[in-house]
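Have a look at the structure below before the remarks.
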Amino acid sequence: MTKLKLSGVSKAYGATLALRRGDLELDTGEVHVLIGANGSGKSTLCKIVAGSVRPDAGEVLLDGRAVTVSGPRAAQALGIGIFYQELSLADHRSVAENICLPDLPRKNGFFVDREALAEKASRYIALFESVAGAELNTAAIVGDLRADQRQLVEIMKALATEASILIFDEPTSALDRAQVDRFFEILRDLKEEGRSIVFISHRMDEIFAIGDRVTVIRDGETVGTEAIADTSPEAVIHMMVGKQETLAAPQAAPPSQEASHEIALTVESLTGVGFRDVNFAVRRGEILGLGGLHGQGQSALLKALFGAPPALAGQIELSGQPLRTENPRAAIAQGIAYVSGDRGRDGVISGRPILENVTPIHALRDGLVLARPTRLSEKALPALKALNTKFAGLSHSIGSLSGGNQQKIVIARWLIDKPDILLLDDPTKGIDLSAKADLFTLIRKLAKEGLAILLYSSEDAELLNNADRILVFNGGAVSRELSGAERTRYNLYHAAYEAA
Amino acid sequence: EDFKIGLSNGWVGSEWRTQMIEEAEQAAAAWKDKGVNVEVVAQSANVDVPGQIAHVRNFISQGVDAIIINPNSPTAFDPVFAQAKEAGILVIATDAEVSSPDAIYVGLDQKGWAMESAKWLAETLEGKGKVVAINGVAGHPANEMRVAGYREVFGEHDGIEIVNEVNANWDQAQGQQAMQNLLATYPDIDGVWVQDGMAAGAWRSIMDADKAGDIAATGEIRKDFIDIWTENDLNSGASVNPPGVMASALNVAVLMLQGRELKEPATAGQYNNAMYLPIPFISSENLEEVAASVEGKPGYYSYTSSLSIEDAEALFK
Amino acid sequence: MNRAIEIAKNPLLIALVLIAALLFLGNTLSPGFASGGQILRLLIVAALLGIVAAGQNLVILGGREGIDLSVGGVVSLSAIVAGNVMNGMDGGIPLAILACVATGALFGLFNGLGVTLLRIPPLVMTLGMLGVLQGLLVVIRQGIPSGRAAPALSEFVTKPFLLGLPGIIWLWIGVGLLMAFILHRTVFGHRIYAIGSNEQAAFMAGVPVRRIRIALFMLSGVFAAIAGLCLLGYSGSSFANVGEQYMLPSIIAVVFGGTPLSGGRGGYTGTMAGAVLLVVLQSILTTINIDESGRQMVFGVTLLVLMLFYGRGRGLRA
Amino acid sequence: MTSVSTSTRQENQGFRTLLGRFPFLPALFILVVLLVLNGIFEPNSLSFRSLTGLVRTYMALMLLAVAQTYVVYAAEIDLSVGAIASLVNVTIIVLMQNWGGGGLSVLAALGVGVLVGLACGLVNGFVVAALRLQAIVATFATSIFFTGLALVILPVAGMPAPTVFWRTYGGTFFGIPFVFYAAVALAFLLYLFARTRLATQLLAVGDGQQAAFQSGLPVTTIRIGGYVLCGVFAALAAFCITGDTASGDPLVGAKMTLFSVAAVVLGGSALSGGFGTVAGSVIAALIIGLINSLVFFAGTPSHWQNFVQGLAILAALMVGVLVSRRGRA
Ligand SMILES: Nc1ncnc2c1ncn2[C@@H]1O[C@H](COP(=O)(O)OP(=O)(O)OP(=O)(O)O)[C@@H](O)[C@H]1O
Ligand SMILES: Nc1ncnc2c1ncn2[C@@H]1O[C@H](COP(=O)(O)OP(=O)(O)OP(=O)(O)O)[C@@H](O)[C@H]1O
Ligand SMILES: [Mg+2]
Ligand SMILES: [Mg+2]
């Protein structure tokens, strides 16, 4: 039975047509997966359903009746709850207040019913008891929590609406495997209860693990809907990329040990906030993978090598010379590059032209004082071209691009003046499949040109397919090194999950 | 004899105020020759009305014998002055009148001060012409009394028309800008009634517009302006509001603390508690004399006068 | 059509249209208001405000709730310092300029250090600094000789200098060109925008965030100090609190120029128009013959109405 | 080595939890230090009578700081609180005068005063939240407007308040000064407000408007609610000003606006919103008062007083910000 039906929904942000023709049929009691490349309009579609974005055209039918969702409150009244991709949490409020924020329990009209608040919140926290960590309790301040815990709170907040339609826009991007598993169990229970669920993820395995049907969106248009049972990952990818058959298939086995013997970076007993006593050496031309469950110190290590913030103890040597990275500027000056997956926070200089987003590293390394647009363009264009970046003009705001292209801009800024070491901190987070393929092709090419590359990825497949060696992190320390034929999913999980 | 006198000043935004405190401190020192030890404690800072009420409370805590205050409000101090009186403290306001029956006012009659210069302007214009006024802060009691003063005088002259009145908040630069705008809009004005430091600004605009010869305007009492006045032979006249008023009030206070009685009790003014001091006037006639008396002083120094101890004694029985 | 709306939303254009409209209105209400000489004199006043607003503009562009409430205090202090250094003599002008710039830079440095090293919110830091400066004005006026402007300085500000325009207007044009150059043609300018729109990303791209923010506060101090020097020339002598009237108007001029207080967007050309707009508006109000209470009410409402044309925040529902 | 670092971390944790629960502790500490210093320089300043005077005089600033805190909760600011206080002050003075000055007329005038504050808050809320103008500039504009209105109602400072009104405010009942009853009532009121949904919602909006909106909160209404609350507390502040000054003055509150902002910061609230306490603001208002008197009692020469006071307030602001941040960071 169709619970919710969208037909011909469209939305333009100024000149950007985010959604051309969004169609979706959501049945009662199903998990409906929405998939599409970055910027294809998934979040926009969800936000329209949830009332936080005003559609330009189109029709929304709820239980067969046409409805107008005039805002988030109206959506809640209609029984629609949502998990926002970028979260909707109040950092200084407690977990309990956040979970119940949409509808604070009231007492005597004006007051918050504290008991009811705590009671309601604990019910939802209990759902994730085994995987959430002890810090996540009703009184904890959300801003003090880890990223995955915050994401869990947002999930609880969505669940607490008790809505009959639940939309999850990339709810698993920061969760570890155990958390995802628990979340999927809950989703199955909800399905049993007859709730209708929209689920978005870029991880193919998750989609096939939880979905009943899948709808593919391409360039703001719904391409089609298939039952999961009747389709395959390849078929879905084909629907996503459409006619462009150029998608490079992931490498089954990466080229092993093409690296030279010249050591680029040595790290000895490096200790910092979040990691301790890390030792390794990377050669030029090598891609060293950092694996394990997320949050085990991989990101912190990469950031420390980049000086943001610097490590507390231990030695780093760059080509045999001791390296001091007090701050990113010092690191950059010594030829270190760092690409963060959190581009909204660490990468994109929002609201500024593409040119200004590509050139800051060049300006720093060349010690430029004047910013001559023509000269800077000459430097920027080849780098952007190498990444197949799509953009209308260098003077356009970076905000006019899709997420994947924004990320390419951020990467391109490191390619103008070649660095010696490239630190990749989950660089494909939220990037679509074709962009990912482009990126890894490029990374391999850079390695061949003599760069030493450190790659952390939250997706195991990415590591296994692209890294020459993998350091598995567990509890802030390296628990195992996998190289050559050892690089199997089994070994990776084994090292990652064993008690630290 | 030992007396402790508290001086309270709630605004330090002009040099006139600092000069006022300094002169009062000097006046206190002068009592030494008479064998009277007058210790002054001063509170002088930018405060709001509650902040200045706190000044008075602080003086009460310290147990001073008298408080001399240049008040930020005419009426706001009634309750706290009542408390001061209860504590046996003599309260004298200066520069701005207060409504409290528990205090007396020793200073100028602000309305009379404005009338003096308005009269000068009206006479200079021979009783006819278009006049504009540039005033201080709207709603400020001293300003409103002055406005009432010049309006009364100009009202007595049928030939004088007030074409516009603007507020420049006692700020010299704002006075200059206001005058500039007024000159653009009313090119044919004959006179300007303007108070205090704003007069220097207004005159600057008048001179910039090359109208110094055609316009008569009131002036002010700082040395900088006296110099310009002299150099350019301006058609100006200024009632003097001397910073020495607080010193005068201090001398009166000491005599009252000594238990002496005023010949004529302070009963003047709208609140029936005022004792008005004479208002000196500067015009072309005595300009040279005034200029000589401020010779060698800094530019912001105001021409001043105050009751000497002897002058003050003359007021007492 | 869309393009027409884009153009019509340009803050500079809005300001220019509004200025023209106000001048027309002013001239209708009181003939002579929009005469050439009067416009020139309004521009002098606007230049004083505009130069203060240049620094304010930079600090605001730098983001992190950048704002400088201490500009008024720096203007006053600088006028006094300049007056005492030159003491009415042309020969003292170069030294006075140096002293002013140093004063402005010093207090800007204090603000900048407080904001970056101690991470005090700019509003709080500069508000506190304003209190300190007001106190300092009283202290340094004790027993210093004088505060007369040198004749050459006064002429520079008030008398025609080149092509019938006073020097201060040329100075202002120079400030405008300098600001445009800094903001758009230097790496420093790009970095200002970068820290204004995403400080963390700028930091990760090697931008010396603190140094730049400190530099912005110092520039704000320097611009305020230069304005103080010019104000001394304008009014002929220095006096306490001359600068007080610039604190909030300098912020309004920036906002009217299309730079939102959130930073990272906007520029100085609009601010220049914003300064003129504000000065013209105030002048019209002075010349209309109504009670001060009426003037204030009209002024308040007009500011609100004008703000509707600018930087209205975006709706929450996209 | 590891154990050392964890134990210091735990201490830090303890300090943070303490500060998280009682963000006004640093302010309270400064307050106590100032009281002691005042007492050392002028023992009389700690007498019951002096302390009563202190509270009586700074009650208005306390209330204005509270008013400001509620808008700061939502990451907003109100530069018109002083003007609202002036407007309410002249309104109630004129009404009390016109209605004869009896007990009933006083109460009626106070009722109107609250409504005036509420209306001003609505205007601010409307221009900031509904018209989406930038708060600093928009409330500066409304403050000019409110001042104009106050000048229309009472063109010049001076009309006296009915005796019954200010005698009550300055009076003593059952041996306890009226202001202490008022302070207790205020404390209770603030306690109640802290438990309202509006308080939580304001803080949530301060943490992030977009997120709050997407969570389904009526953001515009909440922001207007903050300004209305602010207006009402500004009206209460005006009552205290009127009680302490016994007269009307259309400019009386003007200088208090920036002090109210300073008090909010000093009290440990974040101007960026989402975090803060009204208790801190109340304490901070007293701190400002005590700094002023300490500068005097310590014997600072008159022309240095403003400077020293400015420095002391700047220093206190820095301490307030630094300590409260350590509690949160
Ligand atoms: N608030 C906005 N203003 C302007 N453009 C926007 C806005 N939000 C989204 N867009 C644009 O709309 C398009 C669709 O964005 P949307 O977030 O819906 O994509 P998505 O499918 O969710 O992508 P992702 O997988 O990266 O989350 C993109 O080109 C994006 O740049
Ligand atoms: N470890 C870090 N991770 C992320 N952001 C940081 C980090 N350290 C500092 N920042 C951000 O960058 C800003 C400036 O930091 P920092 O002082 O290191 O800049 P800088 O470029 O070194 O400045 P300067 O040139 O004066 O040394 C900080 O205010 C903070 O917001
Ligand atoms: Mg999305
Ligand atoms: Mg540094």
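The values are calculated or read from the model by the stated rules, or taken from the named source; none is laboratory data. What you see is a predicted model; the values in this text were computed from it and never measured. Reconstructed Cβ throughout: ideal geometry from the backbone, glycine too, with neighbour counts over all protein chains shown. Heads up: the accessible areas ignore ligands, DNA and RNA and are worked out on the full protein's heavy atoms, side chains in. Shrake-Rupley method; radii C 1.70, N 1.55, O 1.52, S 1.80 Å.
Filter region A:24-42 for residues that are of a type in the set (S, T, Y) and either within 16 Å of ligand 4 (Cβ to nearest atom) or modelled with pLDDT of 90 or more (or both) and give the result. Listed by number, the list holds a single entry, A:T28. Scanning region B:49-88 for residues that are among the β-branched types (V, I, T) and assigned to a loop (DSSP other than H, G, I, E, B) yields B:V64, B:T75. Criterion first (more than 25 Å from the chain's Cα centre (by Cα), in a loop (DSSP other than H, G, I, E, B), within 26 Å of C:L61 (Cβ to Cβ) and within 7 Å of chain C (Cβ to nearest Cβ)) does A:L364 satisfy it? It is false that A:L364 is more than 25 Å from the chain's Cα centre (by Cα), in a loop (DSSP other than H, G, I, E, B), within 26 Å of C:L61 (Cβ to Cβ) and within 7 Å of chain C (Cβ to nearest Cβ). Residue selection: A:G14 fails the criterion of being at positive phi, more than 23 Å from the chain's Cα centre (by Cα), more than 16 Å from ligand 2 (Cβ to nearest atom) and within 11 Å of chain D (Cβ to nearest Cβ). Could you check region A:308-337 and list, in sequence order, the residues that are surrounded by fewer than 16 Cβ atoms within 10 Å (Cβ to Cβ) and part of a helix (DSSP H, G or I)? A:A333 - this is the single residue of region A:308-337 that is surrounded by fewer than 16 Cβ atoms within 10 Å (Cβ to Cβ) and part of a helix (DSSP H, G or I).
Could you please let me know if B:G13 is facing another protein chain (nearest Cβ under 7 Å), surrounded by fewer than 24 Cβ atoms within 10 Å (Cβ to Cβ) and over 20 Å from B:L108 (Cα atoms)? Yes: the conditions hold for B:G13.
B:F154 meets the conditions (1) open to solvent by 10 Å² or more (accessible area, probe 1.4 Å); (2) more than 14 Å from chain C (Cβ to nearest Cβ) in every case but one. The failed one is (1). Among the residues making up region C:191-220, those that are away from ligand 1 (no atom under 16 Å from the Cβ), open to solvent by less than 30 Å² (accessible area, probe 1.4 Å) and over 16 Å from C:G108 (Cβ atoms) are C:Y193, C:A194, C:I195, C:G196, C:A201, C:A202, C:M204, C:A205, C:G206, C:V207, C:P208, C:V209.
Let's see how each residue does on (1) within 14 Å of chain B (Cβ to nearest Cβ); (2) under 30 Å from D:F275 (Cα atoms); (3) at pLDDT below 95:
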site	(1), (2), (3)
D:S50	yes, no, yes
D:V55	yes, yes, yes
D:I84	no, yes, no
D:I93	yes, no, yes
D:G101	no, no, yes
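If you go through region D:220-243 and keep only what is closer than 24 Å to D:F180 by Cβ and open to solvent by less than 10 Å² (accessible area, probe 1.4 Å), you end up with D:F233, D:A234, D:A235, D:A237, D:A238, D:I241, D:T242, D:G243.
Taking the criterion of being closer than 29 Å to A:M239 by Cα and open to solvent by 20 Å² or more (accessible area, probe 1.4 Å), would at least one residue in region A:413-429 satisfy it? Among the residues of region A:413-429, at least one is closer than 29 Å to A:M239 by Cα and open to solvent by 20 Å² or more (accessible area, probe 1.4 Å), which makes the answer yes. Restricting region C:273-290 to residues that are open to solvent by 30 Å² or more (accessible area, probe 1.4 Å) and either farther than 21 Å from D:T147 by Cβ or at pLDDT below 85 (or both) leaves a set whose member that is nearest to the other protein chains (Cβ to nearest Cβ) is C:N289. Just wondering, is there one or more residues in region A:193-206 that are within 21 Å of D:S215 (Cβ to Cβ) and open to solvent by 10 Å² or more (accessible area, probe 1.4 Å)? The answer is yes, given that some residue of region A:193-206 is within 21 Å of D:S215 (Cβ to Cβ) and open to solvent by 10 Å² or more (accessible area, probe 1.4 Å). Of all residues in region B:89-120 being in a loop (DSSP other than H, G, I, E, B) and within 14 Å of chain D (Cβ to nearest Cβ), which is farthest from D:V90 (Cα to Cα)? Selected residue: B:I89. Pairing residues of region B:159-188 that are over 22 Å from B:G149 (Cα atoms) and more than 7 Å from every other protein chain (Cβ to nearest Cβ) with residues that are among the aliphatic types (A, V, I, L, M) and assigned to a strand (DSSP E or B), at Cβ distances under 8 Å and at least 6 apart in sequence or on separate chains, gives B:Y186/B:V132; B:Y186/B:V163. Among the residues making up region D:268-318, those that are touching a Pro at 6+ places or on another chain (Cβ under 9 Å) and either part of a helix (DSSP H, G or I) or free of Cβ contacts under 8 Å to residues at least 12 places away in the same chain (or both) are D:A279, D:G280, D:G289. A search for C-beta distances below 6 Å between a residue of region A:342-354 that is within 16 Å of ligand 4 (Cβ to nearest atom) and any residue that is not hydrophobic (A, V, I, L, M, F, W, C), counting only pairs 6+ apart in sequence or on different chains, returns nothing. Of the residues making up region D:77-117, just one is surrounded by fewer than 19 Cβ atoms within 10 Å (Cβ to Cβ), of a type in the set (A, V, I, L, M, F, W, C) and not in a helix (DSSP H, G or I), namely D:W99. Within region C:9-36, being outside any loop (DSSP other than H, G, I, E, B), small (G, A, S) and either crowded, with 16+ Cβ neighbours inside 10 Å or at pLDDT 80 or above (or both) holds for C:A15, C:A20, C:A21, C:G26. Region D:118-231 holds helices (runs of 4 or more DSSP H) entirely within its bounds, and those carrying 1 or more residues that are away from every other protein chain (no Cβ under 12 Å) map to D:163-170, D:178-194.
Look at (1) surrounded by fewer than 23 Cβ atoms within 10 Å (Cβ to Cβ); (2) within 14 Å of chain C (Cβ to nearest Cβ); (3) farther than 28 Å from C:L136 by Cα and you find that D:V308 fails only one, number (3). State which residue is modelled with the highest pLDDT when the search covers only region B:123-141 and only residues that are buried (at least 24 other Cβ atoms within 10 Å of the Cβ) and of a type in the set (G, A, S). Top of the filtered list is B:A133.
If we keep just the residues of region A:325-339 that are free of Cβ contacts under 8 Å to residues at least 24 places away in the same chain and in contact with a Pro (Cβ under 8 Å, 6 or more places away or on another chain), which is nearest to ligand 4 (Cβ to nearest atom)? Once the filter is applied, the top-ranked residue is A:N327. Does region A:329-343 contain at least one residue that is at pLDDT 90 or above and either within 16 Å of ligand 3 (Cβ to nearest atom) or of a type in the set (D, E) (or both)? No: region A:329-343 contains no residue that is at pLDDT 90 or above and either within 16 Å of ligand 3 (Cβ to nearest atom) or of a type in the set (D, E) (or both). Of the candidates A:G291, A:G393, the single residue that is crowded, with 17+ Cβ neighbours inside 10 Å, away from ligand 3 (no atom under 16 Å from the Cβ) and of a type outside the set (A, V, I, L, M, F, W, C) is A:G291. For region C:68-79, indicate whether the set of residues that are without any contact (Cβ under 8 Å) to a residue 40 or more places away in the chain and assigned to a helix (DSSP H, G or I) is non-empty. Checking region C:68-79: not a single residue is without any contact (Cβ under 8 Å) to a residue 40 or more places away in the chain and assigned to a helix (DSSP H, G or I). Just to be sure, is B:W203 part of a helix (DSSP H, G or I) and either within 12 Å of chain C (Cβ to nearest Cβ) or more than 21 Å from the chain's Cα centre (by Cα) (or both)? So B:W203 passes the test.
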